[in-house]
Each structure stands twice: as C-alpha cells, then as structure tokens.
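One structure below.
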Amino acid sequence: MKVVTCIAPVNIAVIKYWGKRDEDLILPINDSISATLSMDHMCAKTTIMCSPDFEDSKFWLNGVEQSLESKRLVNCLQEIKRLASAEPSNAEMLRWNIRICSENNFPTAAGLASSAAGYACLVTALANLYGVKTDLSALARRGSGSACRSIYGGWVQWHMGCNPDGSDSIARVIEPSIHWPEMRILVLVVNDARKKYSSTTGMNRSVATSDLIKHRACNVVPKRVTEMREAIKTKDFNKFAEITMKDSNQFHAIALDTHPPCVYMNDTSHAISDMIHAYNEHKGVNKVAYTFDAGPNACLYLLESEVAEVLSLINECFPSTVAKSDYLRGIPLNIEKSSDDLKFAMNLQVNEPNLLKYIIYTKVGEGAQVLDGDHLLTMVGLPKNTI
Ligand SMILES: Nc1ncnc2c1ncn2[C@@H]1O[C@H](COP(=O)(O)OP(=O)(O)OP(=O)(O)O)[C@@H](O)[C@H]1O
Ligand SMILES: C[C@@](O)(CCOP(=O)(O)OP(=O)(O)O)CC(=O)O
C-alpha cells in the first residue's frame, strides 16, 4: 500500500488564458500570467492511495463520489502512468487500483479557480505516488489549462508553446512569491454558486464565434505579456494595475463578442470596477487593480499599505449586515480605518446592503506541496469525511 497527500493553491490571472487551439491536449492560443495565492485561505487537498487489496478504483470530491470516466481525469492518469511505466520497478504498483479523495476549502466551480487548484493537486499527488519526476505543469494542464500555473508559487507565466504535441506548453516562474512581499489580494465574493457556463464551454464558444479573440491573441497579448513581465520585475504597481484591468476588460469584451454571449460580470461586478476607478482617479495614480474571471467575483490586487483604506471604502460602498467573523476571512479585525474624508472627497455611491457575500484577504504564495501525513483516506481507502 502507498499513500500520498498534497495541497495546491488557486491562481488568479492578470493576463487571461481564454481560448484553445487543441481541446484534448489543452493548448492555449495565447500566453497568460498569474499570481499564485497563499494556501492559508484557499486550497485543494488531495489524498491518493493505491493498494493490491482494493477491488476497485474510486474518486471522491468534497465528500461526494465522482465518476472516474471524466476525459480529463483519464488523460492525467494515463499520462502519469505512461511516464511511471518507464521505471520497471513500478510495474506491479501500476496494476493496483487507486482511491482518490479531494476537498476544496472554498467553493467549487464558482469561478474561483477550483479546477486549477484541484488538478494541480491531483497530478502532484499522482506523480509522487508513482515517483514520476518531470515538469508537472504540462501534466496539470491536461486536467485544466489554468492548473499548470498552480504548480508553481509566485508570479507564473504559462507559455503557449508551438509544438503540436504540447511539449513546450508549460508554466515557468517569472518571480518567486517573496519578490513583491507587499502585494495583497482581496477576493470580493459576489456569488459562490455554481456558474451558468463553465470556462471550458465559454472559451470554446468564443474561439468558434468571436472575431475579437483572434486580434487579442495575435496582436494584443504578446506585447502585454512583455510589459507585464517588466512591471512585475520592476514592481511598477501603476503599470501592473493598468494592464491587469485592461486585460480583464478585454477578456469580458470577448465573452460578450461571443455568440450567444457569455455574460459573467453582473451589476455588482460593474459597481466594484466603478468604485476602483473612482478611487484610483482620486489618488491620481493606480493604487488598486481589479480582475474578474468567468464569474461575477472580483479579485483586487493592491499593496499592503492601501488595504485598510480600501477595505473601509468597500465597507462604505457595499454595506454588509453579515457577522464580521464570517464576512471578513483572513482579515485582522483591527485593520479597518475610517474613510470619512475619502467618502466626502469621492462622493461615494452607496449600494444596497449585502451585495457581497464575503471577502477573502490573502497574499501571493507557494505552489503545490506534498504533506507529511494528514491523509483524507482511512487505511482501507475510504474518505474520513463524508456528507
Ligand atoms: N479538488 C479537486 N480535485 C479534482 N478536480 C476538481 C477539484 N476541484 C474542482 N475540480 C474539477 O473542476 C471542476 C470545476 O471547474 P470549473 O472550471 O467549472 O470551475 P472553477 O475552476 O471553480 O472556475 P474557473 O476555472 O472559471 O475559475 C469540478 O467540477 C471538478 O471536475
Ligand atoms: C477566465 C480564466 O480563469 C479561464 C480559466 O479557464 P480553465 O483553466 O478553467 O479552462 P479549461 O482549460 O477549459 O479547464 C482565465 C485564467 O485563469 O487565465
């Protein structure tokens, strides 16, 4: 019997991946760049066990048994087993059935990058189980494109590559997590329910029907990637924020240019983006950047020095009656400060209460990791937690 448990982070792109040139190999039509978020508040955890005593293979996600037939899961498993079979001593273990148990400590399939954390975690655990030593980003990519960036910590670029077999479509670290230690992230959760159409469906539809997506991939992203790498390297927040917001907006413009359109942002998302622009304008320089993935939730990048003021601004504009202990996740309670001057100077628009469900405060963190114990499966290969 062998057992491995891993944890893996989510990542939030500042240059978005949207569109594939190969659906099976999951090869993108443009490079993308993201920051990996700390696992303190958002992570996937996966235990994989294999044993000659297991009569069958099983997979549980968040306590619910899943099919093992999913194409992407099969692709990840097949690829890792193929690589593992190069080592003759693995032959017996490769015939054993496996049990997979995974849990996300944040909402699944809600546009909060659960598939990125989930597949990065799965392939890290599988590779460790079978002793496969290779670039894990290419393996994670077979589960979900954005997952390749969650293998690594810090600031990560997914290079689209040009080889038809996808061998050069891999993630690489631009800078480690410690490079920009003041960087912070606020995730404003507007809705954590399962979204209407997945990123996979949306981007396939965009590739098939949007004219703008071709312009973006060929003419916009290459230049933006160079500028973004430079902004990160030189810690130029103003430039970083400008590119991040423009890229998020271009991605959503393409989602709308898709036929039928994919509408991911809602009125609350737009109110958040208006508030950030008003704040940056008031400051005379970009102090906060927003970015939205395939859902209404906002992810704000800002430096630690701005957090207290921006949090009080959010509390003014988006009042909440939810208990603070549940509403502010990861936020020290003494961090808030009065925004009276700001409120007056910015002529703030106050929205109706409870448009935000909760706020997660986090920072840039490390990539996927193997844990020493703390397994999610019992010795007989059954989940310790079921629902
Ligand atoms: N911990 C996990 N282990 C394995 N697979 C997972 C895990 N978490 C999520 N997934 C897979 O990812 C799917 C959700 O992916 P989907 O792209 O729809 O949502 P998301 O990743 O939360 O949002 P987005 O990619 O738009 O940010 C789940 O239905 C499941 O198949
Ligand atoms: C909007 C995005 O979050 C899209 C993520 O798409 P996925 O990686 O979930 O898509 P598949 O490769 O089909 O699984 C932007 C990004 O993370 O770069």
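Remarks
- Applying the condition of being more than 13 Å from ligand 2 (Cβ to nearest atom) and at pLDDT below 95 to the range 191-223 and asking which residue is farthest from residue 330 (Cα to Cα) yields 196.
- Some residue of the range 150-166 being within 11 Å of ligand 1 (Cβ to nearest atom) and either farther than 22 Å from residue 292 by Cβ or not assigned by TED's automatic domain parsing to the domain that holds residue 230 (or both): yes
- If you go through the range 360-384 and keep only what is touching a helix residue (DSSP H, G or I) at 6+ places or on another chain (Cβ under 7 Å) and either modelled with pLDDT under 95 or open to solvent by 30 Å² or more (accessible area, probe 1.4 Å) (or both), you end up with 366, 370.
- Identity of the residue in the range 19-77, more than 16 Å from ligand 2 (Cβ to nearest atom), within 21 Å of the chain's Cα centre (by Cα) and charged (D, E, K, R), that ends up most open to solvent (accessible area, probe 1.4 Å): 40
- Selection of first residues in the range 47-60 that are touching a residue at least 24 places away in the same chain (Cβ under 8 Å) and of second residues that are among the charged types (D, E, K, R) and within 14 Å of ligand 1 (Cβ to nearest atom), restricted to Cβ pairs under 6 Å at least 6 apart or on distinct chains, gives the following pairs, ordered by first then second residue: 49/99; 58/99.
- Any hit, the range 121-136, residues being at pLDDT 95 or above and under 21 Å from residue 19 (Cβ atoms): no
A quick yes/no check of all residues on (1) more than 23 Å from residue 174 (Cβ to Cβ); (2) within 11 Å of ligand 2 (Cβ to nearest atom); (3) surrounded by fewer than 24 Cβ atoms within 10 Å (Cβ to Cβ):
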{"site": "114", "(1), (2), (3)": "yes, yes, yes"}
{"site": "118", "(1), (2), (3)": "yes, yes, no"}
{"site": "121", "(1), (2), (3)": "no, no, no"}
{"site": "128", "(1), (2), (3)": "yes, no, yes"}
{"site": "135", "(1), (2), (3)": "no, no, yes"}
{"site": "138", "(1), (2), (3)": "no, no, yes"}
{"site": "145", "(1), (2), (3)": "no, yes, no"}
{"site": "148", "(1), (2), (3)": "no, yes, no"}
{"site": "152", "(1), (2), (3)": "no, no, no"}
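- Just one of (1) touching a residue at least 60 places away in the same chain (Cβ under 8 Å); (2) closer than 19 Å to residue 241 by Cβ fails for residue 175. It is (1).
- Here the range 78-105 is the region considered, the condition is being in contact with a helix residue (DSSP H, G or I) (Cβ under 9 Å, 6 or more places away or on another chain) and within 9 Å of ligand 1 (Cβ to nearest atom), and the residue that is most open to solvent (accessible area, probe 1.4 Å) is 104.
- Taking residues in the range 112-123 that are outside the structural domain of residue 188 (by TED's automatic domain parsing), and partners anywhere that are near ligand 1 (Cβ under 6 Å from one of its atoms) and acidic (Asp, Glu), the pairs with Cβ atoms closer than 9 Å and at least 6 places apart or on different chains are 112/293; 113/293.
- Residue check: residue 108 meets all listed conditions (1) open to solvent by less than 30 Å² (accessible area, probe 1.4 Å); (2) modelled with pLDDT under 95 but one, namely (1).
The values are calculated or read from the model by the stated rules, or taken from the named source; none is laboratory data. Small disclaimer: the values here were computed from a predicted structure and weren't measured. Because the Cβ atoms are built from the backbone with ideal geometry, glycine has one as well, and the counts that use them run over all protein chains shown. The area values use the complete protein model at the heavy-atom level, side chains included, leaving out ligands, DNA and RNA. Shrake-Rupley method; radii C 1.70, N 1.55, O 1.52, S 1.80 Å.
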